[in-house]
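Here is the structure we will look at, set down as structure tokens.
The values are calculated or read from the model by the stated rules, or taken from the named source; none is laboratory data. Computed from a prediction, not measured in an experiment: that's the story for all the values here. Note that we place each Cβ from the backbone using ideal geometry, even for glycine, and neighbour counts take in every protein chain shown. Surface areas here come from the heavy atoms of the whole protein model, side chains and all, with no ligands, DNA or RNA. Shrake-Rupley method; radii C 1.70, N 1.55, O 1.52, S 1.80 Å.
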Amino acid sequence: MAIPVIDFSKLNGDERAKTLAEIANACEEWGFFQLVNNGIAEELLERVKKVSSEFYKVEREENFKNSKVVNLLNESGDEKLEKVDWEDVITLTDDNVSEWSYQTSGFEETMKEFRYKLKILAEKIMEVMDENLGLPKGYMKKAFNGEGGENNAFFGTKLCHYPPCPNPEKVTGLRAHTDAGGVILLLQDDEVGGLQVLKDGEWIDVQPLKNTIVINTGDQIEVLSNGRYKSAWHRVLSTIDGNRLSIASFYNPSLNATIAPAPQLVNETNEEMDQTYPKFVFGDYISVYVQQKFLPKEPRFQAVRAV
């Protein structure tokens, strides 16, 4: 098995219906798919990878060598490390843009341009999901923005590196989890693998494909779709060679947005029985998620129901 690879450009041609169906099937059966011809110029993607690799070498590599996870692994003996991840990560958001005082030439400009393009792509994907689910155009975007206006939704980017690990059997790159938010867009390493998605009880590799954007759906898409589009469990394995690049961007609801199954997708004849997913404020869900990220997701929905 391999996760679906979809040509996003075909939405604009004679194969639109087929492409819509492919995306719907990927959302329903996998919660993961790869987009080729995604509208982001290859020149920009190459530039992003270049400045990100330079950034790690110049500004992060030495710190990682002295990090907590490296020290724990060195001291662990035969013990497997269960509660740490073999990754180096920074988060970029519009709110912390003033802190982007990085030494790497071109880093700030390139990442701002990339994030701008990704946000447009995320909103296009949500419009496709609206259409496939029979929802009004812009439904998901409006739900994510909440009551405060058009640009309240959160858009953040995690720039991660998974350096070579001397004992990959003793620590994972990133432990298995589902994502808390909405639509996740990933630019992953061209060569070094490690990302896996859980499908029918089996871990499936998300194969590196040059200059594709990997899409996965988070917990809030599962709720809005009333379970039609499940958030998928995924993890990153550490490897003994290769420094895996991973740039994941998250289009999430505003913290004050109220999230609930779309009324059009709730069984009106038996509404009480059909309410598997509660109505909640996303900020309350995040408070639960940060405590339970690596645990089963169903109790998170039940916990936030009681908030």
Q: Tell me which residues, restricted to the stretch 278-298, are polar (S, T, N, Q) and farther than 15 Å from ASN256 by Cα.
A: GLN291, GLN292
Q) Residues in the stretch 22-80 that are in a helix (DSSP H, G or I) and surrounded by 12 or more Cβ atoms within 10 Å (Cβ to Cβ): how many? A) 31
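Of everything in the stretch 132-175, what is touching a residue at least 40 places away in the same chain (Cβ under 8 Å), assigned to a helix (DSSP H, G or I) and out of contact with any Leu (no Cβ under 7 Å at 6 or more places or on another chain)? Give them in sequence order. Break it down into steps so the answer makes sense when it comes.
Pass one, the stretch 132-175, residues touching a residue at least 40 places away in the same chain (Cβ under 8 Å): 132-135, 139-140, 143-148, 152-175.
Narrowing the set further to residues that are assigned to a helix (DSSP H, G or I) leaves 132-133, 139-140, 143-148.
Correct list: TYR139, PHE144, ASN145, GLY146, GLU147, GLY148.
Output yes when any residue across the stretch 115-135 is farther than 27 Å from GLN34 by Cβ and among the charged types (D, E, K, R), and no when none is. Give the steps one after another, and end with the answer.
First pass over the stretch 115-135, keeping only residues farther than 27 Å from GLN34 by Cβ: none.
No, because not a single residue in the stretch 115-135 is farther than 27 Å from GLN34 by Cβ and among the charged types (D, E, K, R).
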Q. Which of the residues that make up the stretch 220-272 are over 21 Å from VAL84 (Cβ atoms), open to solvent by 10 Å² or more (accessible area, probe 1.4 Å) and among the β-branched types (Val, Ile, Thr)?
A. THR258, VAL266, THR269
**Q.** Residues that are in contact with an Asp or Glu (Cβ under 9 Å, 6 or more places away or on another chain) and of a type in the set (S, T, N, Q), drawn from the stretch 43-89
**A.** ASN63, SER67
Q) Restricting attention to the stretch 167-211, and to residues there that are in contact with a strand residue (DSSP E or B) (Cβ under 6 Å, 6 or more places away or on another chain) and acidic (Asp, Glu), which single residue is nearest to LYS230 (Cα to Cα)? A) ASP205
Q. So which residues in the stretch 190-204 are surrounded by fewer than 21 Cβ atoms within 10 Å (Cβ to Cβ) and assigned to a loop (DSSP other than H, G, I, E, B)?
A. ASP190, GLU191, VAL192, GLY193, ASP200, GLY201
(Q) So, in the stretch 100-136, how many residues would count as being open to solvent by 10 Å² or more (accessible area, probe 1.4 Å) and under 15 Å from TYR56 (Cα atoms)? (A) 7
Q) What number of residues within the stretch 273-298 are in a loop (DSSP other than H, G, I, E, B) and either modelled with pLDDT under 95 or open to solvent by 50 Å² or more (accessible area, probe 1.4 Å) (or both)? A) 9
